[in-house]
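A.B. asks: Provided herewith is a single structure, encoded as structure tokens, for subsequent inquiry.
What follows draws every value from the coordinates through simple rules; no lab data is involved. These numbers were taken from a predicted model, which means no experiment stands behind them. As a convention, Cβ positions derive from the backbone with ideal geometry for all residues, glycine included, and neighbour counts pool all protein chains shown.
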């Protein structure tokens, strides 16, 4: 918005600047890879097989189309990448394993899937699924692909469907091949049964890590580095960036709001204004006296349209229910502020109407209505004549309404019930239908036209007649003025200039009382930035070859500007992010310290050495890992159920402490005749590993990701 203001002020100069900027952008794209990268010609590689730009762009567009604009461009890019990487990873494995899915396999799977839905389009005369009808449908889709964009889109959707069927067959075959080797034995089933159903009564000593002060243990930087190096897989990170930014929101000032409110106040009553066309003053009808609401809304540019609905008191906003509901027609309330608008409201009409209605209908479609399929051949005029004849019949003999609804109504849901739509409230039905049934009387019948066709309507019942009001609400959205936009633009520009002069970014922000927000570890393919949402342009800037640490740049965002500073470039490698390595090493040293001093041969001695007490607990098992007096310790419970009775077991490591245990009684489950069910449970668990199989393939693949160079 501020940019438009500047263009109005210095149009020729800025047009030249914009032209030069666009030319510079194109040239920079040719060299830095934004539009064409000489070094990166493909989106990526998977085990040496390229993902080319055309292939990838088609996938991105496919996801965009399917989401109908509900997902961002970078979400579509991510989905396309994940899908193509998955395809190529499995392609390699399929070739190695010799798995081939043929056309017949794909067709059989399509038939099986399509036939499950009992689509009438593919049923023959006796109601059975007919493959030939499906083939005709596919042939029609292919022919229609040449007829226009919609036909092309439908054909591409079908090809995607076929492709996904094949992919699923291939992956299912491969995963089945892997999981076929993941079997189990009856002995393993028996062990599993005993493990799950054995519980123990025991005495124990538990020494939590928290009982040893961190200050008693030293962890050096070298120890932290050594730990990270020895666990490299857990600490490997990609290249990233840290930024700092200040956000300049363009929002209406109190002065802007007052101006909008005053403008609305002038519209309430009739007024005279000079007309250049008439060369004299003319009278303008105000909101209070206007008889043509829609024309008034249009002439005075209301930011909301006139809602013709009738509402009861509890359906109005609190402001209107308290201030206007009980007033007379043409009474005006406002200007008032609500939900980002200044508004004027007045009562246009009052009616006594029911709060709910019971009705039936017979729906007759015609060519062009949303309910018309290929079998509908009546024109609108022909359908109206047909509907009139039906109305004549049911008016003369109301008992025929139910039979005709079942026989001829295109609305099969209500038709099966004789046209009965049940009870419904005012907002449930489309306006044409709603207005008739709520504004007429029980027993009335008529024809109403809608987007669905002609409705032969019968009003079966009405409840709770009460006062309803029709309220016209004229509004202007609260928006910043041109002056406010320019002021914010100047503030952002000034801050960016000051920060670019070498002065400290944070200090300048403090001087001007701006909030400086840091964001760490932005990766090359990221889209969102904390509190800013989708800001791909900022992310790309931080990774451009010409952007250096401490560089400053202003960005246009929705409703404002951001001035950003590239604070740090973080190289790929090993790094500690969000993981407390020091605490991990502290706990390891505490384990060693607890073990070193716990030399006693009884639980009492060990308890004394650790300044704690011996506790008892009962029925501890893998499914109920509760230790009375301490809490839940699943990792310790999994160990104690396998211990022998009356044997002191030391140094059982838990997540937050060390346990010493003496099992007093081991409660074994009753033997069963057959452990096959447990065996099958183990096999099901082993075989339900599709995600793990894919991750294993992916972790062992060579994948090059160049998306950030192109998106």
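A.B. asks: Counting each DSSP H run of 4 or more residues in the chain as -39500 (n - 2.57), what helix-only mean residue ellipticity at 222 nm follows after dividing by all residues, to the nearest 500 deg cm²/dmol?
C.D. replies: Values: 25 runs with 306 residues, N = 711.
Computed mean residue ellipticity for the chain: -13500 deg cm²/dmol.
A.B. asks: Also: If you wrap a convex hull around the Cα atoms of region 77-159, how much volume per residue is inside, in Å³?
C.D. replies: Details: hull volume 11.5 nm³, N = 83.
Taking the convex hull of the Cα positions in region 77-159, it is 138 Å³ per residue.
A.B. asks: Moving on to the next point. Counting alpha carbon pairs within less than 8 Å and at least 6 residues apart, what relative contact order, in whole percent, applies to region 116-240?
C.D. replies: Values: 27 pairs, mean separation 8.9, N = 125.
About 7 percent, as a whole number.
A.B. asks: Let me ask you something else. Would you kindly give the portion of the calculated P(r) for region 356-463 that falls above 24 Å, as a percent of all Cα pairs?
C.D. replies: Every Cα pair in region 356-463 considered, those over 24 Å come to 16 percent.
A.B. asks: Over region 309-372, consider all pairs of different Cα atoms and compute the Kirkwood hydrodynamic radius from their mean reciprocal separation; express it in Å, one decimal.
C.D. replies: Taking every pair of different Cα atoms in region 309-372, averaging 1/r and inverting gives 15.0 Å.
A.B. asks: Sequence gap at least 6, Cα distance under 8 Å: using those rules, report the relative contact order of region 334-452 to the nearest whole percent.
C.D. replies: On the way: 133 pairs, mean separation 36.8, N = 119.
So the answer I get is 31 percent.
A.B. asks: What number, in percent, do you get for the relative contact order of the chain if the mean sequence gap of Cα pairs under 8 Å and at least 6 apart is divided by its residue count?
C.D. replies: Worked out over the chain, it gives 24 percent.
A.B. asks: Shifting gears a bit: Starting from the alpha-carbon convex hull of region 177-264, give the projected area averaged over all orientations, in nm². Intermediate values should be presented prior to the final figure.
C.D. replies: Details: hull surface 83.4 nm².
In nm², the orientation-averaged hull projection of region 177-264 is 20.8.
A.B. asks: Just need the Rg to Rh number for region 374-429, please, alpha carbons only, Kirkwood Rh.
C.D. replies: Ratio of gyration radius to Kirkwood radius for region 374-429: 1.02.
A.B. asks: I'd like to compare 217-224, 356-363, 516-523, 634-641: which one has the highest average count of other Cβ atoms within 10 Å, and what's the full order after that? Spell out each step's value before the answer.
C.D. replies: Working: 217-224: 12.4, 356-363: 23.5, 516-523: 16.8, 634-641: 18.8.
Highest-to-lowest ranking by the protection proxy: 356-363, 634-641, 516-523, 217-224.
A.B. asks: Take every Cα-Cα pair in the chain and report what % of them are more than 37 Å apart.
C.D. replies: Value for the chain (Cα pairs over 37 Å): 70 percent.
A.B. asks: Sorted by packing (mean other beta-carbon atoms within 10 Å per residue), highest first, where do 195-205, 375-385, 582-592 land?
C.D. replies: Working: 195-205: 19.7, 375-385: 13.6, 582-592: 16.7.
Order by mean packing, descending: 195-205, 582-592, 375-385.
A.B. asks: If you don't mind, there's one more thing I want to ask. Kirkwood Rh over Cα pairs of region 254-352 into Stokes-Einstein at 4 °C, 1.567 mPa s: D in µm²/s?
C.D. replies: 87
A.B. asks: Under a crude label model (7 Å from the Cα following the beta-carbon direction), how far is residue 439 from residue 140 in nanometres?
C.D. replies: Each label point lies 7 Å from its Cα, and together they span 4.0 nm.
A.B. asks: Then there is this: Provide, for q = 0.14, 0.20 Å⁻¹, the log10 of I(q)/I(0) from a solvent-free Debye sum over equal Cα point scatterers in region 281-411.
C.D. replies: Values, matching the q order: -0.84, -1.09.
A.B. asks: Let me ask something else. What ratio of Cα Rg to 2.2 N^0.38 Å holds for region 482-571? Before the final figure, lay out the partial values.
C.D. replies: Working: Rg = 13.3 Å, N = 90, 2.2 N^0.38 = 12.2 Å.
The reported ratio for this selection is 1.09.
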